[in-house]
Amino acid sequence: MSRPYDSAVAAELERDVLERFLRYVRIDTQADRSSATHPSTTKQLDLSRLLVEELRALGLDEVELSETGYVFATLPGVDCGGAPTVGLIAHVDTSPDAPGTNVDPQVWRDYDGGELRLPGDPQQVLSPATSSLLADRVGHDVITSDGTTLLGADDKAGVAEIMAALTWLLAHPDVPRAPARIAFTVDEEIGHSTDRFDLRQFRAAFAYTLDGSCVGQIENETFSAVRLIVSFRGVGVHPGTAKGKLVNPIKLAARFVESLPQGRLSPETTEGREGFVHPYEIAGTPERATVTLILRDHDAELLAEHEALVRRLAEEAAATDPRATVAFDRWEQYRNMGEALEEVPHVVEAALEATRRVGLEAQLAAIRGGTDGSRLTQLGLPTPNLFTGGNEFHSVREWITVQDMAVSAATAVELLRLWAEPAWRERV
């Protein structure tokens, strides 16, 4: 098979990143939105503890698993006097949006461009007709689940890529490199990954998350995000004697959901920089019903408009009966990191240059979601997002290729090499 990327480092990394990825995805690390603990599930620590063992076996410094579930480690610099300490970050948890137990990864060698019918559920088919990037991966080794679970490339691909990059750098001790601080976080998928992240403990000048998708894209913008729980209260009465008395909060919630925009402002009708409001959970009793929504936009003013619309529609639904009430519980999950990153252009430009050095066409992108970097940038640690090569995250059709993971890992290698160069060190 011909090599799809013009990078000797990427070619060297293929075997290592594949072996690590297959090992990591078999460990169940799903987060739990309903949990009040940190991390939300103790099984996330199964992978965290394995990573601590592997980092220590590599010989890294300051390897630890913190009381709050974070894995930290230090890669010393080589021949890089005055270089900044660069952070590399990925998260170990996987999404609760699809089954995540008993992941059975499938490796489809030398992909021929046709359909891939997943063996655990033959109704799940990957096709270039529905996953456009797959058509560009002819000759790659494609990895999927068996179709009954997610794969876990989000973000075990990022974890494997960082580990493979560290292994390569340690195997080449004469290659100059900037010092690096490594962090593997928990609960990113439920918005709590940085709740207890100590920037003073991390000690990086800036960082990069490996949690993106399309190869070659550096994400320097994210959505700004709000979670809004809308609670309707009615009047509960035995249905046999309810005439003129019952106020059904479930019907109020249904009326509210039905009033939300149908042909616009929803995930299924938007793309690019368009925002949305998305009801994703409903729960109810005869007394109370709640609708949980996520509100998203890259523009803070537009996000405020979306929230105002949702509140108005909820109030209108409640106003259909004077005995009903509605209340709101708001959580600002994260902000668009774009504005803060504009103040440190060298951080983003370095990621673009490292991408070019592995032979890719680099481009900036705005992610329709968030990353650890959203909150970390807001807290004062500039953290753009690097690609991992993963596709169709949060679903049983999730896929990635060995070659895309390898070139992503090679980009992390190039980043640390780049920041050891005098011309780049002077930009900080």
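The values are calculated or read from the model by the stated rules, or taken from the named source; none is laboratory data. Values in this document were obtained by computation on a predicted structure and should not be read as measured data. Backbone-built Cβ (ideal geometry, glycine too); neighbour counts: all protein chains shown. Heads up: the accessible areas ignore ligands, DNA and RNA and are worked out on the full protein's heavy atoms, side chains in. Shrake-Rupley method; radii C 1.70, N 1.55, O 1.52, S 1.80 Å.
For P122, all conditions in the list (1) over 18 Å from T29 (Cα atoms); (2) open to solvent by less than 10 Å² (accessible area, probe 1.4 Å); (3) of a type outside the set (A, V, I, L, M) hold save one; what is the number of the exception?
(2)
Conditions: (1) open to solvent by less than 20 Å² (accessible area, probe 1.4 Å); (2) over 30 Å from T355 (Cβ atoms). T222 meets all but one. Number of the miss?
(2)
Yes or no: G100 outside any helix (DSSP H, G or I), surrounded by 17 or more Cβ atoms within 10 Å (Cβ to Cβ) and on the phi > 0 side of the Ramachandran plot?
In short, no.
Which members of region 232-268 meet the condition of being surrounded by fewer than 17 Cβ atoms within 10 Å (Cβ to Cβ), within 15 Å of L295 (Cβ to Cβ) and of a type outside the set (G, A, S)?
Once the filter is applied, which keeps residues that are surrounded by fewer than 17 Cβ atoms within 10 Å (Cβ to Cβ), within 15 Å of L295 (Cβ to Cβ) and of a type outside the set (G, A, S), region 232-268 yields V257, P261, R264, P267.
Can you report the number of residues in region 165-212 which are farther than 25 Å from G81 by Cβ and either of a type outside the set (V, I, T) or surrounded by 24 or more Cβ atoms within 10 Å (Cβ to Cβ) (or both)?
Here the count works out to 18.
If you scan region 348-368, which residues turn out to be within 12 Å of Y208 (Cβ to Cβ) and touching a helix residue (DSSP H, G or I) at 6+ places or on another chain (Cβ under 7 Å)?
Across region 348-368, the qualifying residues are V348, A350, A351, A354, T355.
Regarding A73, is this residue part of a loop (DSSP other than H, G, I, E, B) and touching a helix residue (DSSP H, G or I) at 6+ places or on another chain (Cβ under 7 Å)?
No: the conditions fail for A73.
Which ones in region 377-396 are buried (at least 21 other Cβ atoms within 10 Å of the Cβ) and either in a helix (DSSP H, G or I) or charged (D, E, K, R) (or both)?
Of everything in region 377-396, those that are buried (at least 21 other Cβ atoms within 10 Å of the Cβ) and either in a helix (DSSP H, G or I) or charged (D, E, K, R) (or both) turn out to be T377, E392.
For region 279-376, list the strands (runs of 3 or more DSSP E) that sit wholly inside it and hold at least 3 residues that are of a type in the set (V, I, T) and open to solvent by 30 Å² or more (accessible area, probe 1.4 Å); which are they? Spell out how you get there, then give the answer.
On the way: elements: 288-297, 325-334, 363-366.
By residue number, no strands (runs of 3 or more DSSP E) qualify.
Of the numbered conditions (1) modelled with pLDDT of 95 or more; (2) under 19 Å from the mean Cα position of the chain (by Cα), G69 fails exactly one; give the number of that condition.
If we test G69 against (1) modelled with pLDDT of 95 or more; (2) under 19 Å from the mean Cα position of the chain (by Cα), just (1) comes out false.
Residues checked against (1) within 17 Å of I400 (Cβ to Cβ); (2) in contact (Cβ under 8 Å) with a residue 24 or more places away in the chain; (3) crowded, with 18+ Cβ neighbours inside 10 Å; (4) of a type in the set (G, A, S):
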{"residue": "V17", "(1), (2), (3), (4)": "yes, yes, yes, no"}
{"residue": "D32", "(1), (2), (3), (4)": "no, yes, no, no"}
{"residue": "L58", "(1), (2), (3), (4)": "no, yes, no, no"}
{"residue": "D61", "(1), (2), (3), (4)": "no, no, no, no"}
{"residue": "L75", "(1), (2), (3), (4)": "no, yes, yes, no"}
{"residue": "A83", "(1), (2), (3), (4)": "no, yes, yes, yes"}
{"residue": "A90", "(1), (2), (3), (4)": "yes, yes, yes, yes"}
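All but one of (1) among the β-branched types (V, I, T); (2) closer than 24 Å to L151 by Cα; (3) in a loop (DSSP other than H, G, I, E, B) hold for V17, so report the exception by its number.
(3)
Select from region 134-164 the residues that are more than 18 Å from A10 (Cβ to Cβ), open to solvent by 10 Å² or more (accessible area, probe 1.4 Å) and part of a helix (DSSP H, G or I) and list them in ascending order.
Passing the criteria: A135, D154.
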